[in-house]
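Step one of this worksheet: look at the structure below.
Just so you know, all these numbers are worked out from the coordinates, no wet-lab data involved. A quick note: this is a predicted structure, and the numbers were derived from the prediction, not measured. For neighbour counting, all protein chains shown are included, and Cβ atoms are generated from backbone atoms with ideal geometry for every residue, glycine included.
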DNA sequence: CATGAAATTAACCAAATGGTTAAACTACTT
DNA sequence: AAGTAGTTTAACCATTTGGTTAATTTCATG
């Protein structure tokens, strides 16, 4: 890919993730990329299209490589644990992502509706198999989904609030998230293992 | 309070909650309030001040009337359960609030830092009492806070995503949240009760 | 009714912002 | 060297937007 295009995408990602669509300025993206503002339009035509490009990529990453995990030969609860650990690790690298993605699904649900998404089926299927075999407690699948995603993603959505509430620094927070991986697995086992 | 002022505040609340600070237009607020745009400045001077007025009120409500609950004579876990039920009920009435508040803490942490906030102390105190008496499992207080708030608030932060993932309607979602109250209490007991 | 303060409006303003354009520069081909 | 297509830039444009102003309306009070 073109070097300029690459620089633009990097800059756009940073700016959009930090300030959201409405809070982002094309000039700010150009400045960060170290190029003329007209280049943005030359390569991506409009703010909307540039944003769409970034959002689609982020959206797809927010529902993480769950396929691999859920295709393993393994108990449902073990899959959940592996998922949780991987996912929290991923979010430690991408702490802004959840708030960014949720904001934009919220802002433009119709657009998001057309993006590919096969997470729930995989999870549901694995769950049903194990619940039949008596390996897993009965729950409403929707509640499982909410609970597991919440255990992993909520701390990152609430990061600024948590540092506020706890008087914690950024380092403290990331330390807490390292510990959260064990906490998450423990909670998942307690809640769902039979 | 002045009737016009009231109308402005109502309109501003709706617009800001839905579109955020950057996405909101003073003209949109004036239109919704059915008044001239200049009135907004007459009563509130600037967009910043009007927003601040709304945000402060919402911020204070996001950390809900926890004082009353936590001053009851009761086991820690029972307090958590009562809190969860009350809080989810409150969020059912105010589903947009969590995303709004978190966004703006994130955007302007320094401002939020100066707002009053005594939730963690109350919770911590009650927790320590019970853990000493052996009535409650050992946990890191920060993890308890994250977990309990997440159980309650995450579904609302993720509302648009959840309706997307589950193919659910708004009614379906609110039905799910009604059930969430029981689910939350069950989870809290399993996780924290000894 | 007259008066003066408060409330309200239409018109206006300056800055910011997404986007365009025409010229200039670069690099490759013949 | 000349031509050409792609790339980059400075200057510009139209619209939007937060905010102001001066004039008008409302309304309670003497």
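Only counting other Cβ atoms within 10 Å, I'd like A:24, A:60, B:169 sorted with the fewest neighbours first.
B:169, A:60, A:24
The translational diffusion coefficient of the stretch A:40-94, from Stokes-Einstein at 10 °C and 1.306 mPa s with a Kirkwood hydrodynamic radius over alpha carbon pairs, comes to 119 µm²/s. The mean count of C-beta atoms from other chains within 10 Å of the C-beta of residues in A:100-107, rounded to a whole number, is 5.
For chain B, the longest principal axis of the alpha carbon atoms and the long axis of helix B:76-93 meet at an angle near 30°. A helix-only calculation puts chain B at -25500 deg cm²/dmol for mean residue ellipticity at 222 nm, using -39500 (n - 2.57) for each DSSP H run of at least four residues, averaged over all residues. Between copies, the label points at residue B:128 (set 7 angstrom from Cα along Cα-to-Cβ) are spaced 5.1 nm, reported in nanometres from shortest to longest. Placing a label point 7 Å from Cα along the Cα-to-Cβ axis, residue B:37 is separated from the same position in the other copies by 2.0 nm, shortest listed first. Evaluated at q = 0.10 Å⁻¹, a Debye calculation over the C-alpha positions of the protein assembly as shown (equal weights, vacuum) places log10 I(q)/I(0) at -0.72. Relative to the longest principal axis of the Cα atoms of chain B, the long axis of helix B:119-132 makes an angle of roughly 0 degrees. Distances between every pair of Cα atoms in the stretch A:105-194, grouped in 5 Å steps from 0 to the bin holding the largest one, split as 3, 11, 16, 17, 16, 13, 14, 8, 2, 0 percent. In the assembly of identical copies, residue B:109 has its label point, taken 7 Å from Cα in the direction of the beta carbon, separated from the corresponding points by 3.2 nm (ascending, one decimal). For the stretch A:52-133, the convex hull spanned by the alpha carbon atoms encloses 98 Å³ per residue. Placing pseudo-labels 7 Å out from each Cα toward the beta carbon at residue B:6 and residue A:68 gives an inter-label distance of 6.0 nm.
What translational diffusion coefficient, to the nearest whole µm²/s, does chain A have by Stokes-Einstein, given a Kirkwood radius computed over alpha-carbon pairs, a temperature of 25 °C and 0.890 mPa s viscosity? Rounded to a whole number, D works out at 132 µm²/s. In this simple spin-label approximation, residue A:113 and residue B:117 carry label points 7 Å from Cα along the Cα→Cβ vector, and these lie 3.7 nm apart.
Among B:130, A:170, B:89, the ranking by other beta carbons within 10 Å of each residue's beta carbon, starting with the fewest, stands as A:170, B:89, B:130. By the count of neighbouring beta-carbon atoms within 10 Å, fewest first, A:53, A:45 end up ordered A:45, A:53. Model label points for residue B:189 and residue B:125, set 7 angstrom from Cα along the Cα-to-Cβ axis, are 2.8 nm apart. Helix A:47-62 sits at what angle to the longest principal axis of chain A, using alpha carbons and giving 0 to 90 degrees rounded to 10? Taking Cα atoms only, the helix is inclined about 20 degrees.
Among B:128, B:166, B:32, the largest mean-square fluctuation in a Gaussian network model of chain B (Cα springs under 10 Å) belongs to B:166. In units of the compact-protein estimate 2.2 N^0.38 Å, the stretch A:3-57 shows a Cα radius of gyration of 0.95.
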